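The values are calculated or read from the model by the stated rules, or taken from the named source; none is laboratory data. Not measured: the values here are computed from a predicted model. Here the Cβ positions follow ideal geometry from the backbone for every residue, glycine too, while neighbour counts run over all protein chains shown. With ligands, DNA and RNA removed, areas are computed over all heavy atoms of the protein, side chains included. Shrake-Rupley method; radii C 1.70, N 1.55, O 1.52, S 1.80 Å.
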Amino acid sequence: MLKQNWSFLKKIAVIAGVSLLFEGLQFIFAIGASDITDFMGNTLGGIMGVGVYIVFCKLFSTKAKSLLF
């Protein structure tokens, strides 16, 4: 969100990468259970979050940034 000049796909790639990193660390260190559905759920949640942010920015223009930060 802080990188305004990044494309939607680049933001989602970062979210998916962080989710994959956490799931990989869970698998490596045997902490909790790593599962593909967790990865997909986290990525979908990130997509929805970025989408909501974009909608707020379109609806409220400059007020959305002060509301969300």
Within region 1-21, restricting to residues that are among the basic types (Lys, Arg) and surrounded by fewer than 13 Cβ atoms within 10 Å (Cβ to Cβ), the one that is modelled with the highest pLDDT is LYS10
Of the residues in region 22-34, those that are outside any helix (DSSP H, G or I) and surrounded by 12 or more Cβ atoms within 10 Å (Cβ to Cβ) number 2
Q) Any chance region 49-59 includes a residue that's of a type in the set (D, E, K, R), modelled with pLDDT under 90, exposed (fewer than 12 other Cβ atoms within 10 Å of the Cβ) and touching a helix residue (DSSP H, G or I) at 6+ places or on another chain (Cβ under 9 Å)? A) yes
Practice problem: Inspect all residues belonging to region 35-47 and state whether any of them is open to solvent by 70 Å² or more (accessible area, probe 1.4 Å), within 15 Å of the chain's Cα centre (by Cα) and more than 30 Å from SER61 (Cα to Cα). | Solution: yes
